[in-house]
Amino acid sequence: MKSLVGRSFLTLKDFTPEEIMYLVDLAADLKDKKKKGIPMEYCKGKNVALIFEKTSTRTRCSFEVAAHDLGMGSTYLDPKASQIGKKESIEDTARVLGRMYEGIEYRGYGQEIVEELAKYAGVPVWNGLTNEYHPTQMIADLLTIKEKFGSFKGLKFVYMGDARYNMGNSLMVACSKMGIDFVACTSKKYFPEEELVNQCKEYAKATGSTITLSDDVATATKDADIIYTDVWVSMGEPDEVWAERIKELLPYQVNKKVMDNTSKKSVFMHCLPAYHDLKTQVGQEVYEKFGLSELEVTDEVFESEKSVVFDEAENRMHSIKAIMLATLGGYSL
Ligand code: CP
Ligand code: NVA
């Protein structure tokens with residue numbers, strides 16, 4: 001396997017199945033070490049910059065805790081506190097931060113921004129979410145799947161909801177690269193772009209898996225091992241799209257009927273945050289306007305035995321630690 005040291009982590013498209021498996025296994029190893037209280041300051045003396053142009057709970061906390069565990073310092077740049085994009089170009093920012101930090105995380109809008117940052121930084125850049133991809137979430141999700149099922153090959157994975165955005169795109173890439181059968185179950189308008197589907201079909205061919213697009217819930221979710229969903233309106237999208245999304249995606253809500261159609265050992269996954277009750281400001285606003293108290297997933301499914309959403313959330317930290325460590329160097333499996 002080619003060394004991961006010095007490489008950026010922008011989308012799983014850039015990584016082989018073997019490299020992805022290595023990151024999952026490294027994350028599992030670091031999780032085990034953390035549980036046992038084994039010190040892991042493999043990157044002592046290094047520093048990382050964490051740029052967030054969109055808000056975050058899991059990704060930010062994961063990077064900060066993981067950096068600290070690895071013995072590194074970190075600087076958080078919030079959506080308003082830096083000059084990025086407004087007074088200073090991405091290219092100049094990359095060249096400045098690359099002189100001070102050993103690695104840079106970026107969460108923001110277009111994938112081209114994180115690609116540009118990586119081009120000029122001279123140090124590894126990690127994509128903490130763009131409109132198109134969310135690759136650090138993928139290592140956490142694959143680790144969670146491995147913990148629940150032991151392996152990847154032959155599993156049936158069904159993504160419901162907006163399958164043409166960062167989560168749908170990334171999961172289709174991750175599944176096809178790892179030999180998991182991927183199904184996008186949603187209204188045709190929300191199918192992933194044809195070009196990416198064709199690319200993933202090539203990955204799937206190599207791993208003996210399949211890619212299916214279907215708007216029929218009953219057949220698409222039949223005997224599924226994993227049901228996955230995400231919010232219907234993503235960060236950066238205007239509030240005006242809620243009405244349309246609710247109308248078009250409500251038939252693809254993950255509820256008990258969907259889960260009852262899946263395999264006996266199936267699990268429910270969600271990258272979080274999720275709208276499953278009225279305990280959020282947005283949840284309340286949507287309820288007042290549209291009368292719906294649960295959106296992409298019902299509270300019943302979210303709180304059920306099949307739900308592994310908090311394992312996924314925990315695994316964000318272990319997997320982000322693995323990604324930083326593998327690309328910065330200092331320890332390998
Ligand atoms: N899943 C995820 O990326 O969560 P945050 O937006 O809280 O970072
Ligand atoms: N699709 C969501 C994912 C959040 C982790 C968003 O971009 O807001």
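As a calculated quantity, the FRET efficiency between LYS264 and LYS188 at R0 = 35 Å, using C-beta atoms, amounts to about 0.70.
Here the spin labels are modelled as points 7 Å beyond Cα on the Cα-Cβ line, and at ASP78 and THR16 they lie 4.4 nm apart.
Here, the chain has an Rg and a Dmax of 19.4, 55 Å when only alpha carbons are counted. In a simple Cβ point-charge model (Lys, Arg +1; Asp, Glu -1; nothing else charged), the stretch 1-76 has a dipole of about 180 debye relative to its Cα centre. Full extension of the chain between LYS279 and ASP239 gives 12.5 nm of extra length, using 0.36 nm per residue less the Cα-Cα distance.
Could you state the angle between the C-alpha long axis of helix 58-69 and the longest principal axis of the C-alpha atoms of the chain, as a value from 0 to 90 degrees rounded to the nearest 10? So the helix axis and the longest Cα principal axis differ by about 30 degrees. The value of relative contact order for the chain, using C-alpha pairs under 8 Å at least six residues apart, is 21 percent.
Each residue of the stretch 285-290 was assigned a 3J(HN,Hα) from its phi angle through the Karplus expression (A = 6.51, B = -1.76, C = 1.60, θ = phi - 60°), giving 4, 5, 4, 5, 7, 10 Hz with x at Gly and Pro.
Summing Cβ point charges (Lys, Arg +1; Asp, Glu -1) relative to the Cα centre of the stretch 17-174 gives a dipole of roughly 460 debye. Within the stretch 282-325, the GluC sites (Glu not before Pro) that combine a DSSP coil assignment with at most 16 other C-beta atoms in a 10 angstrom radius are GLU303, GLU305. Counting only DSSP H runs of at least 4 residues, each contributing -39500 (n - 2.57), and dividing by the residue count of the chain, the helix-based mean residue ellipticity at 222 nm comes to -13500 deg cm²/dmol. Charged side chains reduced to their Cβ positions (Lys and Arg at +1, Asp and Glu at -1) give the chain a dipole of some 940 debye around its Cα centre. Packing-based ranking of 322-331, 255-264 yields 322-331, 255-264, ordered from highest to lowest mean Cβ neighbour count within 10 Å. Distance distribution note for the stretch 275-322: the fraction of Cα pairs above 16 angstrom is 52%. Positive end of the dipole of the chain (Cβ unit charges, origin at the Cα centre): among VAL96, TYR228, GLY150, the Cα lying farthest that way belongs to GLY150.
Taken together, the values in this text are just the output of simple stated rules run on the coordinates, not laboratory data. Keep in mind the model is a prediction, meaning the values are calculated, not measured. Cβ atoms come from the backbone with ideal geometry, glycine included; neighbour counts cover every protein chain shown.
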